[in-house]
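Rule-based calculations on the coordinates, nothing more; no lab input. As the structure is a prediction and not an experimental result, all values here were calculated from the model. Reconstructed Cβ throughout: ideal geometry from the backbone, glycine too, with neighbour counts over all protein chains shown.
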Amino acid sequence: MAALTAWASFAAGVATEDLEIELLLEALFQRYGVDFRGYARPALRRKLGELMRALQVGTLSALQERVLHQGGAAAQVMRALSVEPSAPFAEPRHARQLREVLVPALRSSALPRVWLAECAGVGEAWSLAILLAEANLAARTEVYATVSNEEMLAEARDATLPAAELARYQQDYESSGGGGKLAEYFDVSDDRASLLPELKSHITWAQYSLVTDASFNEFQAIVCCRALPDFGPVLRQRVLRLFHESLAPFGVLGIDKPLTASDALCDRYLQLAPGQPWYKRVG
């Protein structure tokens, strides 16, 4: 009997938490027009839990109260649920895949366009720009970096990095296959580093929601590795269809994990490397 009582109490707590999450997501959507309702619940629970501990908020209901009545709290929640910004070459294995799979695929296009969908900040965008420069593709390739969070968009447009960190980034750059000096791709002033203007000029930043917005251009490559794991199954399929609509014939798609038979339009792609989530659109 005690075990049944404990289980009932636990189940009631979980049900209450689920309801609080739904109400919080609905509040964000109704008040601010930002839609996280299609995100996977385990990812939401984890991120919201981390934020509540940081803010010392005891319940999701209390967090919702702040969201509805304190604009700054809403911004904190939206930032916490968005893709976390990364440092340059923070994921060397992914950067190596960009070198080995993406860069060769772009050579056949006269003026390739690359979409970094729900980009992980300047770290991801600047890493790609550097890879393109080393492949002599930077001058003719346009990179479109989109994020759904307005605050993160403003930060990306004016971003700099601590110059002292370039030495640490150098190690990850070399692990990705880089053979030069990473610092040569940056201007340094007042201990802050910014990507060279000739590289930065080929990156277009824009606010865009994978949840609600339609296709806005045709791309020779689309890369989305950080956001897709947070999406629920319905939203994930919606985004895969969006990418297919936005990808040029024989364009390259890079995602978080290999496609399965249940994924939308999976038969329209050819896997480029065994076991890796890189594909060429063939249909």
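How far, in degrees from 0 to 90, does helix 2-32 lean away from the longest principal axis of the Cα atoms of the chain, to the nearest 10?
60
Residue separation times 0.36 nm, minus the C-alpha to C-alpha distance between E155 and L111: what's the value? Present the calculation step by step, with values, prior to reporting the outcome.
Working: separation 44, 0.36 × 44 = 15.84 nm, distance 2.78 nm.
Working it through step by step, the gained length comes to 13.1 nm.
For n ≥ 4 DSSP H runs only, could you compute -39500 (n - 2.57) per run for the chain, divide by its residues and tell me the 222 nm figure to the nearest 500? Provide the component values of the computation, followed by the final result.
Details: 11 runs with 127 residues, N = 283.
Roughly -14000 deg cm²/dmol at 222 nm, from the helical runs in the chain.
Could you work out the relative contact order of the chain? I mean the mean sequence separation of Cα pairs under 8 Å and 6+ apart, divided by the number of residues, in percent. Display every interim value, and only then the final one.
Numbers: 422 pairs, mean separation 48.9, N = 283.
Once divided by the residue count of the chain, the mean separation gives 17 percent.
Given points 7 Å out from each Cα along the Cα-Cβ axis, report the C266 to A135 separation in nanometres with one decimal.
Going by the 7 Å Cα→Cβ label model, 2.7 nm.
Which three numbers, in whole Å and largest first, are the semi-axes of the equivalent ellipsoid of the stretch 37-122 derived from its Cα gyration tensor as √(5λ)?
Working: eigenvalues 277, 38, 25 Å².
Result for the stretch 37-122: semi-axes of 37, 14, 11 Å.
Any chance you could give the angle, 0 to 90 degrees and rounded to 10, that helix 41-55 forms with the longest Cα principal axis of the chain?
The answer is roughly 80 degrees.
Please give the peptides 125-133, 246-254 ranked by average Cβ packing (other Cβ atoms within 10 Å per residue), highest first, as a rough proxy for protection. Mind showing how you got there, number by number?
Working: 125-133: 25.2, 246-254: 19.8.
The most tightly packed comes first, giving 125-133, 246-254.
Pick out, from P88, L63, A138, the residue whose Cα sits farthest towards the positive end of the charge dipole of the chain, with +1 on the Cβ of Lys and Arg and -1 on the Cβ of Asp and Glu.
A138
Hey, if you drop one equal point scatterer on each alpha-carbon of the stretch 174-280 and run the Debye formula without solvent, what base-10 log of I(q)/I(0) do you get at q = 0.12, 0.13 Å⁻¹?
-0.57, -0.65
Taking the Cα centre as origin and putting +1 on Lys and Arg beta-carbons and -1 on Asp and Glu beta-carbons, what dipole magnitude results for the chain, to the nearest 20 debye? Walk me through the numbers before you get to the answer.
Values: 28 positive and 34 negative charges, 137 e Å.
It comes to approximately 660 debye.
Please give the Cα centre distance for the stretch 208-281 versus the stretch 19-77, rounded to the nearest Å.
If you average the Cα positions of each part, the centres end up 28 Å apart.
Starting from the Cα-Cα distance between Q276 and E218, subtract it from 0.36 nm times their residue separation and give me the gain in nm to one decimal.
Details: separation 58, 0.36 × 58 = 20.88 nm, distance 2.36 nm.
Contour length minus the Cα-Cα distance gives 18.5 nm.
Mind checking which of L98, L106, L270 has the largest fluctuation in a GNM of the chain, springs on alpha carbons under 10 Å?
Among L98, L106, L270, the largest mean-square fluctuation in the Gaussian network model of the chain belongs to L270.
Fewest Cβ neighbours within 10 Å first, please rank V234, V188, V147 accordingly. Mind showing how you got there, number by number?
Values: V234 10, V188 14, V147 27.
If I rank by nearby Cβ atoms, fewest first, I get V234, V188, V147.
Which whole number of Å³ per residue matches the convex hull of the alpha-carbon atoms in the chain?
Details: hull volume 45.3 nm³, N = 283.
Convex hull of Cα atoms, per residue: 160 Å³.
Roughly how many debye, to the nearest 20, is the charge dipole of the stretch 96-222 about its Cα centre, given +1 on each Lys and Arg Cβ, -1 on each Asp and Glu Cβ, and no other charges?
Numbers: 10 positive and 19 negative charges, 103 e Å.
Magnitude of the dipole: close to 500 debye.
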